[in-house]
Amino acid sequence: MNRRTTFLTSEAASKEKENAEPKVRLYVIPRSTILDRAEGKAVFVLSDGVVQSKPVTVARDVGGDAYVSSGLTGNESIITGEILKQLKAGDHVETRK
């Protein structure tokens, strides 16, 4: 048997939606790319062949993933892998494709 269902919202619920905070964009990156520093959490990104440390805010960790809520724009090249242990900000690197 099929039934038509309509969900109604109250005026209060509609006003809550209007006043709700904007949604936060989360970027999912491997947890292993997050560097725990004295200054806070950061990731290494590559910009014009130079390693840069970029501070990030991790909203939550789920399994092997980190959900980053601030510090990234979405178009960065994040450095991953064992090389992270050998790099520091300002190092010059070449990428291979």
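The values are calculated or read from the model by the stated rules, or taken from the named source; none is laboratory data. What you see is a predicted model; the values in this text were computed from it and never measured. Neighbour counts are summed over all protein chains in view; Cβ atoms, including those assigned to glycine, are modelled from backbone coordinates with ideal geometry.
Structure data summary
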| item | result |
| --- | --- |
| Residues being of a type in the set (Asp, Glu) and either at pLDDT 95 or above or farther than 21 Å from Lys97 by Cβ (or both) - total across the stretch 40-66 | 2 |
| Cβ-Cβ under 9 Å pairs, at least 6 apart or on other chains, the stretch 10-36 side in a loop (DSSP other than H, G, I, E, B), far side modelled with pLDDT of 65 or more and surrounded by fewer than 11 Cβ atoms within 10 Å (Cβ to Cβ) | Arg25/Gly74; Leu26/Arg60 |
| Residue that is nearest to the chain's Cα centre (by Cα), among those in the stretch 37-69 that are in contact (Cβ under 8 Å) with a residue 40 or more places away in the chain and assigned to a strand (DSSP E or B) | Val68 |
| Scan of the stretch 74-88 for residues that are within 17 Å of the chain's Cα centre (by Cα) and surrounded by fewer than 10 Cβ atoms within 10 Å (Cβ to Cβ), ordered by number | Gly74, Asn75 |
| Unique match (being outside any strand (DSSP E or B), in contact with a helix residue (DSSP H, G or I) (Cβ under 8 Å, 6 or more places away or on another chain) and at negative phi) among Leu84, Leu72 | Leu84 |
| Selection within the stretch 42-68 - surrounded by fewer than 16 Cβ atoms within 10 Å (Cβ to Cβ) and of a type in the set (Lys, Arg) | Arg60 |
